[in-house]
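Below: the structure, in C-alpha cells.
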Amino acid sequence: MKFYVLLLVFVVAFFTACDSKSKKEKEIEAIPMDVDVVRFDKEFAAASVQDIPKLKKEYPQFFPKQFADSVWVSRIQDTLQQQLDAEVTKQFPDNSEIEDQLTPLFQHIQYYFPEFTPPTIFTVTSDVDYNNKVIATDTMLVVALDTYLGSDHRFYEGIQKYISKDLKPVQLAPDVASVYARQLISKPQKRDLLAQMIFFGKELYLKDLWLPNTPDNEKIGYTEAELQWAQENEEYMWRYFVEKELLYSTNPKLPARFINKAPFSKFYLEIDNESPGMVGRYLGWQIVRAYMENNSVNLKKMLQEKPETIFNNSKYKPKK
C-alpha cells in the first residue's frame, strides 16, 4: 500500500512540476514580440552602382565615411561577393528562420529582464568574418548571415573545424543570446582562472533560461560528442584543476588552454586530442548551475556576484 501511495505522490509532483513549467512558458509565449528584420544583405545584393548614393543615405551605419565610393563599386561588381549573396539568399530566402529563432529568445529575455527593448535586426554579409558574427547596440542587432550557411559549406573550406562547426543556422540564437548575456554580466575584476570560468558560467546559465529548447551542446558550441566527453570526464577535469591549483592562478596561458575556443583543451596529457576546447567554461557552467540550485538568490544579483562567492556557496560536486 505504501508503495502505491509513494507512487501517487511522485506522479502528482511530477505533473505539478511539468504544469508549472508549462505555465511559465505559456506566459512567455504570450509576451507580444514583433521582430523587425531589415534585409540589408538582399538590398545590397540587388543594388547597381547607381544605387550606392541611395543606400548610403538610407543605411549610413554601413557606409563609413572614410571609405570612398570605389570600395562599394568594387564590392557590388565582385563575383565572389555575388556568389556569397546567392548562397545567403538560398539559405535564408525569407525571414522565417531568423524570426523563428529570435522571437522566442527576445520573449524570454524580456520575461527575465522587462527593461529589455527588442532591437531592429539588420542582416549583412561580412566576408565570413566569424569573429564578429553578431554585433549589438542599444537599438540595433547586426547579424552576418554568411557565417550561418552550414558547417560543411564550401565557403568555409580552409577554416579550422573547431570554428566551422559553429557556422550553421541553429547557432544564430545562441550567438545572439551570448551578446546580450555579456551586457548583463559583471566583468571579472580578477584575472584568475576561476573568475573567467564563472563569467562564462553565468552566460551559459542565462542561455539555460533564455533557450530552454536548445540542446546544451549548441548553447556552448560543442558537438554532441564533445558535450558527452565533457560530461563523462567532469570529475577528472575538476580533480585536475584542483590538484594543479589552477583555480586561483593568473597564469596568462590558462585562458588559451581552457577558456578560449580551440580544437582541444591543453591538459598536456594523452587525453588532449580527445578533449574539446573551452572545458573551463563548461565547468564554470556547472558551478553556476549548482549555485542557483542550492541557494535562494535573485537572478540579477547572481549576475553581479563575485566569482569566489558563487564558487564557495555553490556546493558544487562534479558528476561521477
(message) Which lysines, if any, have their Cα less than 22 Å from the Cα of Lys133, not counting same-chain residues under 8 positions apart?
(response) Lys42, Lys90, Lys161, Lys165, Lys168, Lys187, Lys202, Lys207, Lys219, Lys261
(request) Give the percent of DSSP beta bridges with both residues in the chain that are antiparallel, rounded to the nearest 5. (result) 25
(request) Taking the Cβ of Asn95 as the centre, find all other residues whose Cβ is under 11 Å away and add up their charges (Lys, Arg: +1; Asp, Glu: -1). (result) -3
(request) Principal axes first, then extents: for the Cα atoms of region 36-180, list largest minus smallest coordinate on each axis, whole Å, largest first. (result) 46, 36, 27
(message) What distance in nm separates the two pseudo spin-label positions at Tyr59 and Ile159, each 7 Å out from Cα along the beta-carbon direction?
(response) 2.0
(message) Among DSSP bridges having both ends in region 36-180, what percentage is antiparallel? Round to the nearest 5.
(response) 25
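Taking R0 as 25 Å, what FRET efficiency do you get between Asp69 and Thr137 from their Cβ-Cβ distance, rounded to the nearest 0.05?
Calculated value: 0.50.
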(request) Could you tell me the distance between the Cα centroids of region 98-126 and region 291-316, to the nearest Å? (result) 27
(message) I want to check the label-to-label distance for Gln231 and Ser296. Put each point 7 Å from Cα in the C-beta direction and report it in nm to one decimal.
(response) 3.2
(message) Under a Cβ-only charge scheme (Lys and Arg +1, Asp and Glu -1), can you give me the dipole magnitude of region 185-314 about the Cα centre, in debye to the nearest 20?
(response) 780
(message) Per DSSP helix of 4 or more residues, -39500 (n - 2.57); summed, then divided by the residues of the chain. What does that give at 222 nm, rounded to the nearest 500?
(response) -16000 deg cm²/dmol
(request) Note down the nm distance, to one decimal, between modelled labels 7 Å out along Cα→Cβ at Asn312 and at Asn95. (result) 5.0
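What stretch of the chain, leaving out the sites themselves, is the longest with no GluC sites (Glu not before Pro) in a DSSP loop having at most 12 other Cβ atoms within 10 Å?
Longest stretch, sites excluded: 1-114.
How much length is gained if the chain between Phe113 and Ala47 is pulled fully straight, taking 0.36 nm per residue apart and subtracting their Cα-Cα distance, in nm to one decimal?
So the extension gain works out to 19.8 nm.
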(message) With +1 on the Cβ of every Lys and Arg and -1 on the Cβ of every Asp and Glu, and nothing else charged, how large is the dipole of the chain about its Cα centre, in debye rounded to the nearest 20?
(response) 1260
(message) As I understand it, the value is the acute angle between the Cα axis of helix 96-112 and the longest principal axis of the Cα atoms of the chain; what does it come to in degrees, rounded to 10?
(response) 50
(request) Match the structure shown to one of the listed values [x] 20.7, 77; [y] 19.8, 64; [z] 22.5, 84 of Rg and Dmax of the Cα atoms in Å, computed from it, and give that label. (result) [z]
(request) Take the Cα gyration tensor of region 172-314, multiply each eigenvalue by 5, square-root it, and list the three semi-axes largest first, rounded to whole angstrom. (result) 22, 19, 14
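Values in this text are rule-based calculations from the coordinates and carry no lab data. None of these values were measured; they are calculated from a predicted model. Positions of Cβ are generated from backbone atoms using ideal geometry, with glycine treated the same way; all protein chains shown enter the neighbour counts.
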